[in-house]
Amino acid sequence: MKAWVCHRIGSIDDCHQIEVATPSLKSHQIIIEVYAAALNFPDVLKVLGKHQSSLTPPFILGHEGSGIVKAVGSDVMDFKPGDRVMFICSGSLGAFADYIAIDAHQVTIIPDTMSLELASCLPLTFGTAYLACVANAKITPSDEVLILGAAGGLGLACLELVKHIGCRVVCAVSSNERAQLCRSRGADDVVVYDDTIDSQEKRKQLTHQLISASHGHGFDVIIDPVGGGHTESALRSIFPQGRYIVLGFAAGSIPSIALNLVLLKECSLSGVYFTNYYQRHPQELSEHQQALVELVSSSQLVQFHSQQCLLPELKSALIAMSDRRLIGKMIVIK
């Protein structure tokens, strides 16, 4: 089969689509013919050696996808060949391949009414948003929520979920084009920030912008997949006893936080690292993924902004994501 393989850490140029062995089936696994897979920023970070969890090359890229079950192991009871499914994967055997062999608890059946394109970005992208907004922050309709980096795939997923809950949502983004997208997806207000926050003056300016967008109230919940120099400004805009949720560091740098801010704001600061979570709590992963499928199916939750490319074009998509030229989600079709 063909798969996209990273041969050496450090450069996207060392990723190639090549022929590899078709995976063999273990008793607790499912073999899926992959139809679509979603591109995520960790795909880029792992290739560049900048992710908090590293892989030793060679490895197949991709964290989530969808497809059709081709075979099931002897110990697998809940799936059969022909089932339409979505899946989340980790380790060296990723989703950007013709086939994947994967543990059954990482796979969820999807209804016939759900497209495989949409399903490909539910497991990790919307799974992380669900874990952050629903299970962790326990957002309620009375909360005022700030989402940093809101025009990225994860940010838009959080926006969809939080608007479904019924909150007032402020999105923070780095361009007017991204601001327009967030408004079209239901954002109540949008703050356009400088992509590089590298001075105390810029930090103060962003804090002022954020507090003004909350009408001086401050935010009950802040969702941060960006990190970098934006984090301190956002934390200063939190309402006392608010919840600050860290999802990643798309800005490319991990911020250092003065803990006296957490003390003075009496706020909670927590992280959501989805891959670690589901490895520790496989049963909860299955429950959350099923709840997410039902939510999307029953409420028409997702009017997701996505782009598509074909599997042979993946390298160009990786470069575009690395250069921060992508807006929304990139779905890679076989």
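The values are calculated or read from the model by the stated rules, or taken from the named source; none is laboratory data. Source: prediction; values computed, not measured. So basically every Cβ, Gly included, is an ideal-geometry build from the backbone, and we count neighbours across all protein chains shown.
What the table shows:
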| read-out | value |
| --- | --- |
| Residue 25 being under 20 Å from the mean Cα position of the chain (by Cα) and either among the aliphatic types (A, V, I, L, M) or part of a loop (DSSP other than H, G, I, E, B) (or both) | no |
| Some residue of the range 242-259 being farther than 24 Å from residue 178 by Cα and free of Cβ contacts under 8 Å to residues at least 24 places away in the same chain | yes |
| Total residues in the range 23-43, condition modelled with pLDDT of 95 or more and either at positive phi or surrounded by fewer than 13 Cβ atoms within 10 Å (Cβ to Cβ) (or both) | 1 |
| Those residues of the range 234-245 which are part of a strand (DSSP E or B) and touching a Leu at 6+ places or on another chain (Cβ under 7 Å), in sequence order | 244 |
| Matching option when the condition is of a type in the set (Lys, Arg) and part of a strand (DSSP E or B), among 50, 46, 80, 70 | 70 |
| Of all residues in the range 205-255 being within 19 Å of the chain's Cα centre (by Cα) and aromatic (Phe, Trp, Tyr), the one that is surrounded by the most Cβ atoms within 10 Å (Cβ to Cβ) | 244 |
| From the options 285, 311, 269, 318, residue that is free of Cβ contacts under 8 Å to residues at least 40 places away in the same chain and out of contact with any Ser or Thr (no Cβ under 8 Å at 6 or more places or on another chain) | 269 |
| Residue 82 being over 18 Å from residue 278 (Cα atoms), out of contact with any Gly (no Cβ under 7 Å at 6 or more places or on another chain) and among the small types (Gly, Ala, Ser) | yes |
| Residue tally, condition crowded, with 18+ Cβ neighbours inside 10 Å and either among the β-branched types (Val, Ile, Thr) or in contact with a Leu (Cβ under 8 Å, 6 or more places away or on another chain) (or both), over the range 44-61 | 6 |
